[in-house]
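Right, one structure below, let's go through it.
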């Protein structure tokens, strides 16, 4: 495109665009339109069926100034993200490390840890409602064995979000799988060299494993965060009447969007909220992306 | 502690072996404990599947079925056209795997290993598409597919799979990033095209990552509920996830049937995982290739 | 070859997007009202886009017009009854053939919304009664006013007035009420006898309710409760608020009635007499144990009195057939005061853009007729919207029907009003704060009142 491109660079550019063309075509033909449409809708009073008048930034003003639950839902979501993302990343790396030692029964363990991600929908949420029952629930029964009186998880506003975090950590199979794949891709030579130098297990983990899997850690953090910001199905099913109770403690950002869009048909407002969330998540991602130069190990030296 | 130091001095090899054994044992205990916590909910699922409704309604909850009703599995499955829906799900998931592997590995290669203007902006847009909740674009997306005449067919479930997904593109790009550029450069020296490099070098080297894509895209397609709900109109074309919901009604849920059917629905994913799991431990063997 | 296909795909996508925005524009230039000319416009639109309608047209040219009713009645008795009703309708005339299509509960509305937005909606749909006005305003439901006028005077009088009111937006009718679900008090007669109470005299006031509850409590040795005399948590807190004085949070004129003395008093009762008395921990664990809906404390004998829907009796019948129980109206707040109850329900609507409104209307009339409604009530035990049907003598053998019938005139049906959308969602966390003991009822309801007043102000 630029004048300064050499013939080779042009050839490279053409190849690059050719390789990414499936996505570009998909974006132009299928997914991009609706996405841009929702951006436009965020500046209108769009209700999906009868109106779509341009109202400027009125939706955004309502969001910041007039919506009594907007900040609460954002706060709840941030709290959840801050708790869930580190917890699931650390646990997934830990499990993958254990699995990578290939002790007896590893294939079975691997299967077991992946299983929860396979489950989805109402059945899982129901299981957790039962498990978290304060008296007869299994979680508190186990805690009682250790002399701990567990909280009444889903009924106590202070414990509802940790309950959902627990569910998320329980289903960390996908992350675990990614770490496992990437750990296995670390060259054996590196470890052998370290062994000769007499490095301990922890040293090897810190000096070799972590840097080598850092691209995947980066990926896991970003996608986990994106996913956690969009938490909503759990809250819809697990709060007693789907409105984020008790005391609005499960009123997450996306639950609020969903309610606005589908019970009150304020899709314009819902779109505005969605795009504001995109701005937040994108900002965090770009900061991460910039910071990743300092800790993510790549062959190219760039991301 | 002094004891171990002593053995270290005495004979390095045996102590290292012993140390390894201790570490392995600790590792095993930790894994077993984690496995138990994972298993508890699953156990509860299976046990509910085996109860009759009377027992489900008893209080306090029973943690194992007192009179296991094995026929629940059969009854749940036969209560609707689950076999047909199963095949439909398999059909859709097959395309999801094919499309997922093909499109994403190509696109990710483009982003990871080829330099071209606009790459970073495009990649940021790809990340952005992950960050908008599905239900905000759902209505315009539906209208678009309706205008294309795709509603009532499998096309809205299948075609987008061949256009790449942000998650997989990002993921594979991260995996490719670990493959040294020198490998590609030396292949280019030999006159290989990017397509050739992708096909002959990247795909084989990134096998664990590709297999991860296979497992995940199968899993997600298999569990997808919203798209089949929106785009399928004929009961005979439904997928399993819509089918499962027949046990959930506004005031009553047939928990035993729901759990029994859910258990059966899990099986194919378990099989796929079992078949492919050896690849996750194979490793990409990147280092070897560099030094080679 | 490939490129041609690709261009075609891109073109059609572009057309899709432009027509999408175009569709929004044409509608917004007109008023929000669903004018008749607009409706014929949209009908043509659906025919030209022809995704599925071609199929129905082809079969229609033969003989009968095929119509689809969408609902979530996919299993057991409900499915059987609705399909029976469709069959009855199909046999009663030869112009239309109605097919029952069920999608999962709740999700059916999402699907219908998408289909309506794309101009290819179902012909009849069962919807949530609380939000009919929203769909009227958003032009998602067909305006039935003229069709109703053609039926002659008094057509709408066959339905309970508060249910009929829920159908009206801006003076126009957008649906017919189908079923409702009032709330009644269930009490365990054996427990009453055991506690020395008269099994035939359920509590009439809150004072009696509390008094009886104390006698019905059964404690275990360790101080926890083996049976609660009364458990208030089965009814959503908003519903309790409505049943205190029979008033919604806002009325049609925009008056806000969140912190009425009755609502404050009722929450003082609930908090002091139950949450503080039993202890929050006790009730928390109770609600969590039974909150999942998988186990049922009344069936299990863990609670002696509770408030629930009339249909709940089927669970007692199926899982505790020996249980000797009675039903009554919810207690009044004060001696000699009014009894109130709360209910929601479902409506029959014809989505906007339905291809054969006349046919859909015939079916809507058919399933809300006395005969169909008696059949519905007798088979699935819902409280039906048709007054005569709900009073049918054949139903009175089942005790809950009598209690439901008594409760119906006192039942307030709350709406999600366009003048205060989402008001109950805003109030709910404040009610939770009361129960958690963080705020007094007066404080919490005053704060909620201020929020709702602001909401009404913002929506003017």
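The values are calculated or read from the model by the stated rules, or taken from the named source; none is laboratory data. If you're wondering where the values come from, they're calculated on a predicted model, not measured in any experiment. No Cβ is skipped: glycine too gets one built from the backbone with ideal geometry, and neighbour counts run over all protein chains shown.
Observations, loosely collected:
- Which listed residue is closer than 30 Å to residue B:229 by Cβ and at the interface with chain B (Cβ under 10 Å from one of its Cβ atoms), from A:190, A:177: A:177
- Selection status of residue C:298, assigned to a helix (DSSP H, G or I), buried (at least 18 other Cβ atoms within 10 Å of the Cβ) and in contact with a helix residue (DSSP H, G or I) (Cβ under 7 Å, 6 or more places away or on another chain): no
- Segment C:168-182 - residue that is in a loop (DSSP other than H, G, I, E, B) and at pLDDT below 95 and, of those, surrounded by the most Cβ atoms within 10 Å (Cβ to Cβ): C:182
- Condition met for residue A:290 (modelled with pLDDT of 90 or more, closer than 30 Å to residue B:179 by Cβ and away from chain C (no Cβ under 14 Å)): yes
- Flag: residue B:124 does not match the condition of being touching a helix residue (DSSP H, G or I) at 6+ places or on another chain (Cβ under 7 Å) and not in a loop (DSSP other than H, G, I, E, B).
- Condition met for residue A:143 (at the interface with chain C (Cβ under 10 Å from one of its Cβ atoms), in a helix (DSSP H, G or I) and more than 19 Å from residue A:227 (Cβ to Cβ)): no
- Among (1) exposed (fewer than 14 other Cβ atoms within 10 Å of the Cβ); (2) more than 24 Å from the chain's Cα centre (by Cα) - the single one residue B:87 does not satisfy: (2)
- If you go through segment A:259-275 and keep only what is at the interface with chain C (Cβ under 10 Å from one of its Cβ atoms) and either closer than 23 Å to residue A:35 by Cβ or assigned to a helix (DSSP H, G or I) (or both), you end up with A:259, A:260, A:261, A:262, A:264, A:265, A:266, A:267.
- Looking across segment B:235-256, the residues that are part of a loop (DSSP other than H, G, I, E, B) and at pLDDT below 90 come down to B:249, B:250, B:251, B:252, B:254.
- Set C:436, C:431, C:445: member being facing another protein chain (nearest Cβ under 10 Å), closer than 20 Å to residue C:261 by Cα, touching a residue at least 40 places away in the same chain (Cβ under 8 Å) and out of contact with any strand residue (DSSP E or B) (no Cβ under 8 Å at 6 or more places or on another chain): C:431
- Here residue A:44 meets each of (1) over 25 Å from the mean Cα position of the chain (by Cα); (2) over 24 Å from residue B:138 (Cα atoms) with one exception, condition (2).
- Residue ID - farthest from the other protein chains (Cβ to nearest Cβ), chosen from residues in segment C:71-101 that are surrounded by fewer than 22 Cβ atoms within 10 Å (Cβ to Cβ) and in a strand (DSSP E or B): C:96
- Of all residues in segment C:247-255, one or more are more than 15 Å from residue C:206 (Cα to Cα), within 20 Å of the chain's Cα centre (by Cα) and not in a loop (DSSP other than H, G, I, E, B).
- Checking residue A:56 against (1) without any contact (Cβ under 8 Å) to a residue 24 or more places away in the chain; (2) more than 14 Å from chain B (Cβ to nearest Cβ); (3) assigned to a helix (DSSP H, G or I); (4) over 26 Å from the mean Cα position of the chain (by Cα), the condition it does not meet: (3)
- Any chance residue C:223 is in contact with a helix residue (DSSP H, G or I) (Cβ under 7 Å, 6 or more places away or on another chain) and surrounded by fewer than 17 Cβ atoms within 10 Å (Cβ to Cβ): no
- Only one of the numbered conditions (1) more than 8 Å from chain A (Cβ to nearest Cβ); (2) outside any helix (DSSP H, G or I) is not met by residue B:179, and that is (1).
- Whichever residue in segment B:183-210 is modelled with pLDDT under 90 and within 8 Å of chain A (Cβ to nearest Cβ) and, among such residues, is nearest to residue A:289 (Cα to Cα): B:209
- Residue within segment C:269-279 that is in a loop (DSSP other than H, G, I, E, B), modelled with pLDDT of 90 or more and within 14 Å of chain A (Cβ to nearest Cβ) present: no
- Flag if residue B:228 is over 15 Å from residue B:79 (Cβ atoms) and either surrounded by fewer than 19 Cβ atoms within 10 Å (Cβ to Cβ) or not assigned by TED's automatic domain parsing to the domain that holds residue B:162 (or both): no
- The listed residue being buried (at least 17 other Cβ atoms within 10 Å of the Cβ), facing another protein chain (nearest Cβ under 10 Å) and either in a helix (DSSP H, G or I) or within 23 Å of the chain's Cα centre (by Cα) (or both), out of A:38, A:88: A:38
- Taking the criterion of being facing another protein chain (nearest Cβ under 7 Å) and within 17 Å of residue C:120 (Cα to Cα), the residues of segment B:139-171 that qualify are B:139, B:140, B:141, B:142, B:143, B:144, B:146, B:147, B:148, B:149, B:151, B:152.
- Residue match in segment A:60-77 (condition: in contact (Cβ under 8 Å) with a residue 24 or more places away in the chain, more than 13 Å from chain C (Cβ to nearest Cβ), in a helix (DSSP H, G or I) and farther than 27 Å from residue B:142 by Cα): yes
- Residue ID - farthest from the chain's Cα centre (by Cα), chosen from residues in segment B:106-121 that are more than 7 Å from chain A (Cβ to nearest Cβ) and modelled with pLDDT under 95: B:118
- Matching entry among B:88, B:67 (being part of a loop (DSSP other than H, G, I, E, B) and more than 29 Å from residue A:109 (Cα to Cα)): B:67
- Any chance residue B:129 is surrounded by fewer than 23 Cβ atoms within 10 Å (Cβ to Cβ), at negative phi, assigned to a helix (DSSP H, G or I) and facing chain A (nearest Cβ under 7 Å): yes
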